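Take a look at the structure set out below.
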Amino acid sequence: MPDLRHGTDADVAAVNSLRSAVMRLGRRLKHQRVDESLSPTEMSVLGTLARCGSATPGELARKEHVQPPSMTRIVALLEAKGLVRLEPHPDDRRQKVVSQTEEAEAMLEQSRRKRNAWLAALAEGLDDDEWDKLRAAAPVLEKLAHLPPPVRG
């Protein structure tokens, strides 16, 4: 594996291009929402609950990389909108467990369908070779998305 932080000019350019493309595409996808009243952070929390299941606000804060007081506010907003429910923690009654509601599940599914349709329409502009390369790259991008952050030092 090349050292991409100190690699050749071509490697550095490739990393820069990848970062820029992923950020632009991610920003464009974020705008394909079915509920404009939810912030991207609120949508992200609902997505985390959908992927990982119920969690305490502290666990959600760690997963979302926000401070616990911020997550407490986000959860309160989502609860007020009927998208999450708080229940007593089964082992520690001082804590609460956050779960998504059926309304949140339906909204997330509708949002996924909208984003998938938008991305599919965009991909129609690719030729067969480009589509094959993108399909082959998808598992690698998925792996990158789930790797732990590098240790700084």
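The values are calculated or read from the model by the stated rules, or taken from the named source; none is laboratory data. Since the model is a prediction, treat every value here as computed from it, not as a measurement. So basically every Cβ, Gly included, is an ideal-geometry build from the backbone, and we count neighbours across all protein chains shown. Just the protein is used for accessible areas: all its heavy atoms, side chains included, with ligands, DNA and RNA removed. Shrake-Rupley method; radii C 1.70, N 1.55, O 1.52, S 1.80 Å.
Among the criteria (1) under 18 Å from the mean Cα position of the chain (by Cα); (2) under 23 Å from N116 (Cβ atoms), the one S99 does not fulfil is (2).
Only a single criterion out of (1) closer than 21 Å to G26 by Cβ; (2) exposed (fewer than 13 other Cβ atoms within 10 Å of the Cβ); (3) at pLDDT 95 or above is not satisfied by I74, namely (2). Taking the conditions exactly as written (open to solvent by 40 Å² or more (accessible area, probe 1.4 Å) and either touching a residue at least 24 places away in the same chain (Cβ under 8 Å) or not in a helix (DSSP H, G or I) (or both)), does R33 satisfy them or not? Considered against the rule, which asks whether it is open to solvent by 40 Å² or more (accessible area, probe 1.4 Å) and either touching a residue at least 24 places away in the same chain (Cβ under 8 Å) or not in a helix (DSSP H, G or I) (or both), R33 comes out as no. Among the residues of segment 82-92, those that are assigned to a loop (DSSP other than H, G, I, E, B) and at pLDDT 95 or above comprise G82, L83. Taking (1) without any contact (Cβ under 8 Å) to a residue 24 or more places away in the chain; (2) not in a helix (DSSP H, G or I); (3) not small (G, A, S) in turn, K133 satisfies each apart from (2). Scanning segment 64-97 for residues that are under 18 Å from S39 (Cα atoms) and hydrophobic (A, V, I, L, M, F, W, C) yields V66, M71, I74, V75, A76, L77, L78, A80, L83, V84. The one condition from (1) without any contact (Cβ under 8 Å) to a residue 40 or more places away in the chain; (2) open to solvent by 90 Å² or more (accessible area, probe 1.4 Å) that A120 does not meet is (2).
Of all residues in segment 52-63, those satisfying the criterion of being of a type in the set (D, E, K, R) and either surrounded by 16 or more Cβ atoms within 10 Å (Cβ to Cβ) or under 19 Å from D35 (Cα atoms) (or both) are E59, K63. Name every residue in segment 40-51 that is among the β-branched types (V, I, T) and either open to solvent by 30 Å² or more (accessible area, probe 1.4 Å) or not in a helix (DSSP H, G or I) (or both), in order of residue number. The one that is among the β-branched types (V, I, T) and either open to solvent by 30 Å² or more (accessible area, probe 1.4 Å) or not in a helix (DSSP H, G or I) (or both): T41. When E102, E87 are screened for being of a type outside the set (S, T, Y), open to solvent by less than 80 Å² (accessible area, probe 1.4 Å) and free of Cβ contacts under 8 Å to residues at least 60 places away in the same chain, only E87 passes. Only residues that are over 21 Å from the mean Cα position of the chain (by Cα) and more than 22 Å from M107 (Cα to Cα) were counted in segment 66-95, giving 8.
Yes/no per residue for (1) in a loop (DSSP other than H, G, I, E, B); (2) of a type in the set (S, T, N, Q):
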site: N16; (1), (2): no, yes
site: S20; (1), (2): no, yes
site: M23; (1), (2): no, no
site: L38; (1), (2): yes, no
site: A61; (1), (2): no, no
site: R94; (1), (2): yes, no
